[in-house]
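Report on one structure; see the data block that follows.
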2 protein chains.
Amino acid sequence: MERLDEQIRFITEIGRLKGVLRQTMLAGPGRRENSAEHSWHLAVMALTLAEHAPPGTDIGRVTAMVLVHDLVEIDAGDLFVYADAAQQARQEEAERAAADRIFALLPEDQAGRLRGLWDEFEERRTPDARFARALDRLQPMLENLKAGGGTWREHGITADQVLTRVVPLIEDGSPTLGRYARDLVQRAVRDGLLAPG
Amino acid sequence: MERLDEQIRFITEIGRLKGVLRQTMLAGPGRRENSAEHSWHLAVMALTLAEHAPPGTDIGRVTAMVLVHDLVEIDAGDLFVYADAAQQARQEEAERAAADRIFALLPEDQAGRLRGLWDEFEERRTPDARFARALDRLQPMLENLKAGGGTWREHGITADQVLTRVVPLIEDGSPTLGRYARDLVQRAVRDGLLAPG
């Protein structure tokens, strides 16, 4: 039973992701989104938007990747996508330490496999990782649109910033979703939800 | 773009699952769990506990199943597992109507596929559906244990009730997880988190 005990300890520990808050505001409940429900949303997006992934993408791996991509935030917290380079560097170090601790709760073979998925997501070199990242960047845009501007308005983000920092990562993972995101920015500007530049 | 528009409409609509509260209390944040983060937790459990599923179980299908199994609660709300038969019957009808509405937001082929997964989960006849149901029943037990008794204490649930209404559904999906759940009940009684009978 030792192996199952380790697995259950991991499952219990990662439940803490439900308490990690992101910047994203949820229009319905009127509160910040947590990283567990964000990860769920990405996983359903992976299932639903699979046909817009480049040929050869393995949607099962993408789904697993988005399910575990934020576990490190249990220790490292969530960093806003528009944070500066120094903050990003500190965050990367904290996330690596968190990955070392959290995945190691699992039996060794599983720890290696899930840690490998997380590393792959972070490195963004494979089609699977690039598509996962595209979903991770598109989802908050949809929430902002629903929340009348959401974090765009709150932090005074401009269309230029979204087009420079966010949309290219979506295009990189899926040309189709990239085009959709570009249109979405135009719509948000037209509707007064996002400042032009 | 019409197909993608339908997919995005579905993705936006299902975000409302983040606002559907369950009975389960979360020890860390000190609030009720919502059905989106619950679904995420089950999906990671599917990845982690795959080896305890009966031979022939398709974990990719199980993962997809748990990701969408609660979408109907957007319209029908969540029903406590210990609700009476009349309440259960009313709930089933409300959930079917919800499934008719929500999955139909998707393009027809995808609507059929995801609705099929939901029907399969509800009918609990295939190994995939039984394993998914086992995870769905085990996860709240783990949360109750972590929350010092949680909904067991709050609603005066006894070990007999857990052993009659919950543990058999876990055993049905996975003999190994069933044994684990049976031990967990004993431990909870011994630690004073669950009344004996």
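Please treat every number below as a calculation from the coordinates, not as lab data. The structure presented is a predicted model; accordingly, all values stated were derived computationally and were not measured. So basically every Cβ, Gly included, is an ideal-geometry build from the backbone, and we count neighbours across all protein chains shown.
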- line: With one decimal in nm and the nearest listed first, the spacings from B:Arg153 to its own position in the other copies, using label points 7 Å along Cα-to-Cβ, are 4.1
Principal axis dimensions, the range A:1-89 - Cα atoms, whole angstrom, descending: 45, 35, 33
message: If amide hydrogens are placed 1.01 Å from N in the peptide plane, which non-local residues have theirs closer than 5 Å to the one on B:Asp58?
response: B:Asp128
- line: At R0 = 41 Å the Cβ-Cβ FRET efficiency linking A:Thr164 and B:Ala97, nearest 0.05, sits at 0.35
query: A:Glu92 label points, 7 Å along Cα→Cβ, one per copy: pairwise distances from this copy to the rest in nm, shortest first?
result: 5.6
Simple spin-label estimate for B:Asp119 and A:Arg31 in nanometres, 7 Å along Cα-Cβ: 3.6 nm
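Which values, in whole Å and largest first, are the semi-axes of the equivalent ellipsoid of chain B obtained as the square root of 5 times each eigenvalue of the Cα gyration tensor?
30, 19, 15
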field: Unit charges on C-beta of K, R, D, E only; dipole of chain A, Debye
entry: 700 debye
message: What does the C-alpha gyration tensor say about the overall shape of the range A:1-49? Classify as rounded when a/c is under 1.5, otherwise prolate if a/b is larger than b/c, or oblate.
response: oblate
- request: Could you calculate the FRET efficiency of B:Arg9 with A:Asp5 from 1/(1 + (r/R0)^6), where r is the beta carbon distance between them and R0 is 51 Å, rounded to 0.05?
  value: 0.70
Cα shape, the protein assembly as shown, gyration tensor, a/c 1.5 rule: prolate
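Tell me, what is the FRET efficiency for A:Asp191 and A:Ala104 to the nearest 0.05, using R0 = 56 angstrom and their Cβ-Cβ distance as r?
It comes to 0.75.
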- prompt: Considering only the label points, 7 Å along Cα→Cβ from Cα, what distances in nm to one decimal separate A:Asp183 from the same position in each other copy, shortest first?
  reply: 5.4
field: Derived scalar couplings ³J(HN,Hα) [the range A:62-76; Karplus, 6.51 cos²θ - 1.76 cosθ + 1.60; whole Hz; x for Gly, Pro]
entry: 4, 4, 4, 4, 5, 5, 10, 5, 9, 4, 4, 5, 4, 9, 9
- line: Spelling it out for A:Thr158: with amide H atoms placed in the peptide plane at 1.01 Å from N, the residues 5 or more places away or on another chain with amide H under 5 Å from its amide H are none
field: Isotropic mean projected area of the C-alpha convex hull, the range B:46-160 (nm²)
entry: 8.5 nm²
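Which whole number gives the average, over all residues in A:27-37, of C-beta atoms from other chains lying within 10 Å of the residue C-beta?
5
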query: How far is the Cα center of the range B:21-81 from the Cα center of the range A:143-171, in Å?
result: 30 Å
message: Could you sort the peptides B:36-46, A:119-129, B:9-19 by per-residue average Cβ neighbour count (10 Å cutoff), highest mean leading?
response: B:36-46, B:9-19, A:119-129
- prompt: What 222 nm value per residue comes from the helices of chain B, counting each DSSP H run with n ≥ 4 as -39,500 (n - 2.57) and dividing by all residues, nearest 500 deg cm²/dmol?
  reply: -21000 deg cm²/dmol
statement: Among B:Thr164, B:Leu145, A:Ile14, the residue whose Cα sits farthest towards the positive end of the charge dipole of the protein assembly as shown (+1 at Cβ of Lys and Arg, -1 at Cβ of Asp and Glu, taken about the Cα centre) is B:Leu145
field: Estimated vicinal HN-Hα couplings, Hz - the range A:17-29 in sequence order (Karplus 6.51, -1.76, 1.60; Gly, Pro = x)
entry: 4, 5, x, 8, 8, 9, 5, 3, 8, 9, 4, x, x
message: For the range A:113-197, take N as its residue count and report Rg(C-alpha) divided by 2.2 N^0.38 Å.
response: 1.16
